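Data first, discussion second: the structure below is written as structure tokens.
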Amino acid sequence: MTYFTSTALTAALAAVALPALAEGELNLYSARHYDTDERLYSDFTDATGITINRIEGKGDELLARMIAEGANSPADVLITVDTSRLARAKDSGVLQAVDSDLLEAKIPANLQDADNHWFGFSQRSRIIFYDKKAIENPPQTYADLADPAYKGQVCIRSSSNTYNQTLLAAIVTHEGEEAATEWAQGVVDNMARSPQGGDTDQLRSIVSGECGIAVSNTYYFARALRTEVDGVSAAIDRIGYVFPDQDGNGAHMNLSGAGVAANAPNRDNAVKFLEYLAADQAQEYFSAGNDEYPVVEGVALAPSVAQLGEFKADKVNLNEVAENLPVAQQIFNQVGWK
Ligand code: FE
């Protein structure tokens, strides 16, 4: 496997001179930066003989690159995190429709693009964490995060974060624009500090005592259970968690997914790769390697994920959520969520 960091992106592309057409190769543009994904890719090569040339970068960077490369893009597959990025890739015209009976059958309809431009392969739940020492009655719903009872307690990252954009778009989908605006305003009013850092930093803020309540994707917490995460693992017993809206729509699920590039030079290999990602073994890797939830029914969860317990997941159709992303952005601006 060829492997490039985002900083070496331009140089790498020039250096490898990816062939326009190469039997047995796959050019993967990946915005997933998880070491454990290595195994996911090497197993595909072992099983198919197809070499993966991996170009790594940030999601937005890779998308910009594909747009700039246009018809000459060597990209075969784009794999990235969050519905908003997948939707943006589709809207930018850098993906193409894939008709695969296997993908159609294995991936739930609400987790794939209605026009087959992208497919979800793993999920993480975006849930509420809290300081067991400080918060006696933790929020049970997303709506509760806006309850004045929690004034000065809530920590959540900025509105430029795609996870939050999709969460708010899902709230717009369920509750409508007006209620979603009120909610966002209430969360801003409850913030313990101006939004800063990533999801792990929100968990750290509970341990440090700065925040009583925090919002994070589950995999950051599960990772801290499984392996040493600085500032979290040592005091993880202090952190409680709630899967929100269990009597309502269920906990919001963040998606990671992929699509075949519009001008994929190795289209057949690209489709094969997507089908491989939906196979049980790959689905297990998403959980075992990165503490995620597989999208395919019946696939075993890693112990670090299973120990979080069973919960009701929001089954909202992500096609509808994607349509509400622009409204979500407007709301963030309107309420001054930094
Ligand atoms: Fe993440």
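Structure data summary
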| item | result |
| --- | --- |
| Tabulated pairs, region 123-136, first closer than 9 Å to Arg238 by Cβ, second part of a strand (DSSP E or B) and more than 16 Å from the ligand (Cβ to nearest atom), C-beta under 6 angstrom, 6+ apart or interchain | Lys132/Gly240 |
| Count of residues meeting criterion [away from the ligand (no atom under 16 Å from the Cβ) and open to solvent by 50 Å² or more (accessible area, probe 1.4 Å)] in region 53-65 | 2 |
| Boolean, Asn116 is free of Cβ contacts under 8 Å to residues at least 40 places away in the same chain, on the phi > 0 side of the Ramachandran plot and either of a type in the set (S, T, N, Q) or in the same structural domain as Ala89 (by TED's automatic domain parsing) (or both) | yes |
| Residue that is most open to solvent (accessible area, probe 1.4 Å), among those in region 66-96 that are within 16 Å of the ligand (Cβ to nearest atom) and of a type outside the set (A, V, I, L, M, F, W, C) | Arg85 |
| Region 100-122, residues that are open to solvent by 50 Å² or more (accessible area, probe 1.4 Å), in a loop (DSSP other than H, G, I, E, B) and small (Gly, Ala, Ser) | Ala114 |
| Failed item, numbered, when Ile128 is tested on (1) away from the ligand (no atom under 16 Å from the Cβ); (2) in a loop (DSSP other than H, G, I, E, B) | (2) |
| In region 250-268, the residues that are open to solvent by 10 Å² or more (accessible area, probe 1.4 Å) and either assigned by TED's automatic domain parsing to the domain that holds Asn164 or not in a loop (DSSP other than H, G, I, E, B) (or both) | Met253, Arg267, Asp268 |
| Candidate set: region 177-222, residues that are among the hydroxyl-bearing types (Ser, Thr, Tyr), farther than 16 Å from Arg238 by Cβ and part of a helix (DSSP H, G or I); chosen: the one nearest to the ligand (Cβ to nearest atom) | Tyr219 |
| Pair list, Cβ < 8 Å and 6+ apart or interchain, from region 183-208 residues that are closer than 16 Å to Thr141 by Cα and in the same structural domain as Gln165 (by TED's automatic domain parsing) to residues that are of a type outside the set (Asp, Glu) and within 16 Å of the ligand (Cβ to nearest atom) | Val187/Ile156 |
| All positions within region 223-244 that are over 20 Å from the mean Cα position of the chain (by Cα) and in a loop (DSSP other than H, G, I, E, B) | Thr227, Glu228, Asp230, Gly231, Val232 |
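Matching residues to (1) surrounded by 20 or more Cβ atoms within 10 Å (Cβ to Cβ); (2) touching a helix residue (DSSP H, G or I) at 6+ places or on another chain (Cβ under 9 Å):
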{"position": "Gly152", "(1), (2)": "no, yes"}
{"position": "Ser158", "(1), (2)": "no, yes"}
{"position": "Ala170", "(1), (2)": "yes, yes"}
{"position": "Glu178", "(1), (2)": "no, no"}
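The values are calculated or read from the model by the stated rules, or taken from the named source; none is laboratory data. Source: prediction; values computed, not measured. Positions of Cβ are backbone-derived with ideal geometry, glycine not excepted, and every protein chain shown enters the neighbour counts. These accessible areas exclude ligands, DNA and RNA; they are computed on the full protein's heavy atoms, side chains included. Shrake-Rupley method; radii C 1.70, N 1.55, O 1.52, S 1.80 Å.
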